[in-house]
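Okay, structure first, notes after.
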């Protein structure tokens, strides 16, 4: 299981996909959406985990659990 982050690189103008604890990016993308898709594929191939999407300001704006990762806040079934 591995967690990935999607980060903006202001110097290059590209979006970076970084694995937790890695010094160098795993991949680059032109758009945030493309970077998010790449991060989810990388996360899935490593056994699942979390993909954290950062805004241009560097703050986490969204987080997605990739199967078979352990979702800390699973959706609740509200059917009665």
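Bear in mind that the values in this text are calculations on the coordinates, not laboratory data. Remember, it's a predicted structure, so these values are computed and weren't measured experimentally. Note: ideal-geometry Cβ built from the backbone for every residue, glycine included; neighbour counts use all protein chains shown.
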>> If I histogram all Cα-Cα distances within the chain using bins 5 Å wide from 0, what percent of pairs lands in each bin?
In response: 3, 17, 26, 24, 14, 8, 5, 2, 1, 1, 0
> Based solely on its DSSP helices, what 222 nm [θ] is calculated for the chain when runs of n ≥ 4 H residues each add -39,500 (n - 2.57) and the sum is averaged over all residues, nearest 500 deg cm²/dmol?
Replying inline: -5500 deg cm²/dmol
> Out of 29, 11, 39, any idea which swings most in a Gaussian network model of the chain, alpha carbons joined below 10 Å?
Replying inline: 11
>> Need one number: nm distance between label points at residue 44 and residue 23, each 7 Å from Cα along Cα→Cβ, rounded to one decimal.
In response: 3.2
>> Compute the helix-to-body angle for 32-45: its Cα long axis versus the longest principal axis of the chain, expressed 0 to 90° and rounded to tens.
In response: 60
>> Under 8 Å for C-alpha pairs, at least 6 residues apart: give me the relative contact order for the chain, rounded to a whole percent.
In response: 28
>> Using a Gaussian network model on the chain with a 10 Å cutoff between Cα atoms, which of 33, 41, 23 fluctuates the most?
In response: 23
> If R0 is 22 Å, what FRET efficiency do you get for residue 59 and residue 30 from their C-beta distance, rounded to 0.05?
Replying inline: 0.55
